[in-house]
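Just so you know, all these numbers are worked out from the coordinates, no wet-lab data involved. Keep in mind the model is a prediction, meaning the values are calculated, not measured. A quick note on method: Cβ atoms are made from the backbone with ideal geometry, for glycine too, and the neighbour counts reach across all protein chains shown.
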Amino acid sequence: MASVLHFRTTLPNFTYRRPSSLNELLQLKAELGGEASLLAGGTDLLVDMRSGIRRPKVVVDVKGINELHLLEHTRDRGLVVGASVTLGELGRNELVRFKYPVLYGAIRKLADPSLRERATLAGNIANASPAADSVPPLLVYGAKLELASLRGRRQVPLREFFTGVKKTVMREDEVITKIIIPEPPEGSEGEYFKAVRTSEDLAVVGIAALFANKTEPRERIVRLGFASVAPTPLYMDSVEELFRRDAPINELIKEAIKLVLKEVNPITDVRATKEYRLHLVKYVTAYLLRKYLG
């Protein structure tokens with residue numbers, strides 16, 4: 001049975017539950033729905049609770065569930081990351097470093113080493129922040145999420161997961177159990193660019209770029225994902241289609257910048273103005289395209 005404790009601290013009053021199996025977790029979610037918040041790393045949840053943004057009646061600690069610590073790679077499925085795997089674990093993984101360099105680069109730029117030992121990839125996704133650093137790389141790798149409830153399991157492409165700021169398609173009785181990141185295209189390369197005010201800040205703008213088969217137009221792969229430029233992270237389908245045309249690269253790059261600027265919709269906030277974000281999007285996207293496409 002899950003342990004039950006009560007806290008009265010600087011945090012709001014809540015009940016703490018620590019299920020020992022996935023089935024027990026799903027039963028709790030089916031019973032409690034939106035009254036329960038999941039605790040994996042707590043790097044967003046505890047901040048929100050202290051500030052009063054979130055006041056869950058029950059905090060459900062998922063770290064005791066073995067299935068959620070899965071981290072494995074196979075050629076047919078790619079990389080499978082359980083919901084409790086930390087960013088620190090991923091940042092130390094040699095396979096992630098060399099096979100998924102865009103994701104690895106984003107992880108290394110996310111917060112600081114101590115925070116990465118607590119924060120999880122699933123938590124960074126589920127928080128549904130437009131500035132989530134891990135999401136643009138996962139978008140360009142074509143990642144999917146496995147969502148589970150007592151009703152069953154379903155897979156959702158990450159590009160279909162976000163519906164607005166802090167909003168997703170996840171139902172109240174569902175949890176993320178794993179992130180599935182397919183094998184990258186053969187010979188792919190790319191990087192994650194993050195503009196910040198300080199080294200531990202949220203992204204002013206984040207851009208993930210992935211390239212493969214650069215010389216053959218019909219097979220050319222150019223994928224771009226963006227953070228902090230719209231209410232949700234963005235994946236640019238239009239740019240991917242554009243670069244399959246047989247046309248001079250410089251012309252395609254110019255057209256790609258126009259397409260990107262039509263799709264982004266940044267805001268002015270404490271980190272940057274809308275105009276500065278648009279400036280970054282325009283020039284950094286052009287830089288990355290020219291760097292990898294010549």
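For the peptides 224-232, 44-52, the ranking by mean Cβ contacts within 10 Å, running from highest to lowest, is 224-232, 44-52.
With 0.36 nm allotted per residue and the present C-alpha distance subtracted, the A230-R171 stretch has 18.9 nm of extension available. Shape class of the stretch 3-61 from the alpha-carbon gyration tensor: prolate, with a/c at 1.5 or above and a/b greater than b/c. Around the amide H of V204, modelled in the peptide plane, lie the amide H atoms of A195, V196, R197, all under 5 Å away and 5 or more residues distant in sequence or on another chain.
Relative to the Cα centre, the charge distribution of the chain, modelled as +1 at Lys and Arg Cβ and -1 at Asp and Glu Cβ, gives a dipole magnitude of about 480 debye. Dipole of the chain computed with +1 at Lys/Arg Cβ and -1 at Asp/Glu Cβ about the Cα centre; of G33, V96, L79, farthest Cα towards the positive end is G33.
Between Y283 and L70, what is the FRET efficiency for a Förster distance of 45 Å, r being their Cβ-Cβ separation, to the nearest 0.05? Computed FRET efficiency for Y283 and L70: 0.65. Computed about the Cα centre, the dipole magnitude for the stretch 189-293 is approximately 240 debye when only Lys and Arg (+1) and Asp and Glu (-1) carry charge, each at its Cβ. Once both labels are positioned 7 Å from their Cα atoms along Cα-to-Cβ, the gap between E255 and T15 label points is 6.0 nm. Taking amide H atoms as placed 1.01 Å from N in the peptide plane, the amide H of A131 lies under 5 Å from those of S228, each 5 or more residues away in sequence or on another chain.
For the stretch 272-285, putting each phi into the Karplus relation 6.51 cos²θ - 1.76 cosθ + 1.60 with θ = phi - 60° gives couplings of 5, 7, 4, 5, 5, 4, 4, 4, 4, 4, 4, 7, 6, 4 Hz, in residue order, rounded to whole numbers and with x for Gly and Pro.
The lysines within cross-link reach of K99, meaning a Cα-to-Cα straight distance under 23 Å and a gap of 8 or more places when in the same chain, are K109, K144, K178, K194, K214, K291. Rounded, prolate or oblate: which fits the stretch 66-213 when a ≥ b ≥ c are the square roots of the eigenvalues of the alpha-carbon gyration tensor, with rounded for a/c under 1.5 and prolate only if a/b beats b/c? The shape class here is rounded.
One equal scatterer on each Cα of the chain, no solvent, Debye formula: the resulting log10 I(q)/I(0) at q = 0.09, 0.14 Å⁻¹ is -0.45, -1.03. Estimated from helical segments only, the mean residue ellipticity of the chain at 222 nm is -9000 deg cm²/dmol, where each DSSP H run of four or more residues counts as -39500 (n - 2.57). In this Cβ point-charge picture (+1 for Lys and Arg, -1 for Asp and Glu), the stretch 1-106 has a dipole of about 240 debye about its Cα centre. If the chain linking R197 and R108 were pulled fully straight, counting 0.36 nm for each residue of separation and taking away their Cα-Cα distance, it would gain 30.4 nm. Shape call for the stretch 133-242 from the C-alpha gyration tensor, a ≥ b ≥ c root eigenvalues: rounded (a/c under 1.5), prolate (a/b greater than b/c) or oblate? Taking the square roots of the gyration eigenvalues as a ≥ b ≥ c, the stretch 133-242 is oblate.
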